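To start, the structure itself, in structure tokens.
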Ligand code: ADP
């Protein structure tokens, strides 16, 4: 009994032991199964995610086996080509290429994939509806776990828009090149024109530094054109500095005639025009236009001389006429005297006497015209003479409501001359100005030191400008008013300006007029001063 019980107990213990082992084994299997199920779910999820990803991209994704038959056809491929996955699985991928296949291209692709490399290239592809579009394919080989090539995967992009943009870009490029060529042509044309102009042209910045010049500008200053950009205008031609400053400050066109001493020692006269130039950013610059008037002025001087000779002839004729008229009157009065009463005689004698006075006055003025300076030579202070003349004519000026403005340079050099003669000149000019402004106006007198070209030589001068705001003088009369006996006034003698010019020229100077009809007249007296003054 005991043995049987013991055996049974042993058997039970054995059974329990085997049961526990089985249970443990079952538990392990169960754990492994759970893990495998979890991993399967993870993989499934990942696959679903990748499929979703492939469905959303715009590129078509397809896979082929080694024979070129399609094994995968993504939803985006369906959208791009129009064929469903069911229609395409098993089809040959190259059938997607439109027209005759480019054997060279396909050969290159096969060679790359065959050696396990990726390949990229462009094809013309066709859709289910027969339309054709340019595509860009990136193809890579795929391998199994034993690294054997089992096919290829291709990603295809529709590059219709890229091609269109590329073509538009190319067309724009062609247009740009054509526009560039036009621009270059215009630039060359302008360059040729500007460089062949007789006028000197330069672009000057706000610091008075030269930026660009044409050939004539460089020629005027006897410098190579390439040396001028970057140079200060003050170094090249100091006389133009005030014109540039004036143009910049007022943003208005300005003009001045200046003299310039060239490096070769030649003095030239330049008409300088300053034209303001403001670009879109507000940067102020000046275009300088220089006209060499040296030769023209010399010719004009010669012509004036000729005209003066001709005027002398006219003067002789005029004098004969002017003297003959009162002489004939005197002759008539003398004739009438013979047969007239005592009272009448007195009247005729008075009339004859007044005619004689007229002849005498005329002869005196004519004498002024021809008489070489026989007046006292003394040191002349031009400003003092002006102040004296303005004082003398004070009541006449006030009577005509004429406002006098004076801008007299304080440090004008003195020079030797005939004080009375210069006073007479100024009196003539001021009296003419008063005549020109019977209803009032402005009389402006300015004195300054200036370089002037007189009789072909350039000299420092005291310049006196007398400007009025009267009606001005017609262009065709501006030289004739200096002819003796030329007058537009009912009781004028026409000798004031002729005598004045004569007196100024006796001082080695010049008298000229500047006037724009309707805008007043400016008479400019230039009197040379000694070199050391
Ligand atoms: P007169 O004053 O006797 O006429 P002038 O020789 O002084 O002689 O002047 C000649 C002419 O010049 C004048 O008649 C006038 O036509 C013109 N003239 C001179 N000065 C002026 C002026 N300031 N404004 C307009 N015309 C002028």
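A compact table of results
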| read-out | value |
| --- | --- |
| Tilt relative to the chain, helix 496-506 - C-alpha long axis, 0 to 90 degrees, to 10 | 80 degrees |
| Least to most buried among 516, 268 (fewest other Cβ within 10 Å first) | 516, 268 |
| Descending semi-axes in Å of the chain, equivalent ellipsoid built from Cα gyration tensor | 116, 29, 23 |
| Estimated [θ] at 222 nm from DSSP helical runs (n ≥ 4, -39500 (n - 2.57)) normalised by residues in the chain, nearest 500 | -16000 deg cm²/dmol |
| Rounded tilt (10° steps) of 419-436 against the dominant C-alpha axis of the chain | 70 degrees |
| The range 486-533: relative contact order as a whole-number percent, Cα under 8 Å and 6+ apart | 26 percent |
| Inter-part distance where the range 1-54 and the range 234-307 are each reduced to a Cα centre, Å | 112 Å |
| Ascending count of other beta-carbon atoms within 10 Å, so fewest first, for 300, 222 | 222, 300 |
| Mean Cα-pair separation over length for the range 72-196, i.e. relative contact order, pairs under 8 Å, 6 or more apart, % | 16 percent |
| Stretch gain in nm, segment residue 277-residue 28, where the contour uses 0.36 nm per residue and the Cα spacing is subtracted | 80.1 nm |
| Percent RCO, i.e. relative contact order, over the chain, from Cα pairs under 8 Å lying at least 6 residues apart | 7 percent |
| Which of 397, 416, 477 has the fewest Cβ neighbours within 10 Å, and the rest in rising order | 416, 477, 397 |
| In nm, spacing of pseudo-spin labels at residue 439 and residue 345 (7 Å Cα→C-beta vector) | 5.4 nm |
| Cα-based shape type of the range 475-533, given that a ≥ b ≥ c are square roots of the gyration tensor eigenvalues and the cut on a/c is 1.5 | oblate |
| Theoretical gain in end-to-end length, residue 356 to residue 49 [0.36 nm per residue, Cα-Cα removed] | 97.3 nm |
| For the range 188-231 and the range 396-436, distance of Cα centres in Å | 42 Å |
| Tilt relative to the chain, helix 342-370 - C-alpha long axis, 0 to 90 degrees, to 10 | 40 degrees |
| Rh by Kirkwood over Cα pairs, then Stokes-Einstein D for the range 374-487 at 0.692 mPa s and 37 °C, µm²/s | 211 µm²/s |
| Stretchable slack from residue 188 to residue 491, in nm (0.36 nm times residue separation minus alpha-carbon distance) | 102.8 nm |
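Computed from the coordinates by the stated procedures, all read-outs in this text should not be read as laboratory data. None of these values were measured; they are calculated from a predicted model. Neighbour counts are summed over all protein chains in view; Cβ atoms, including those assigned to glycine, are modelled from backbone coordinates with ideal geometry.
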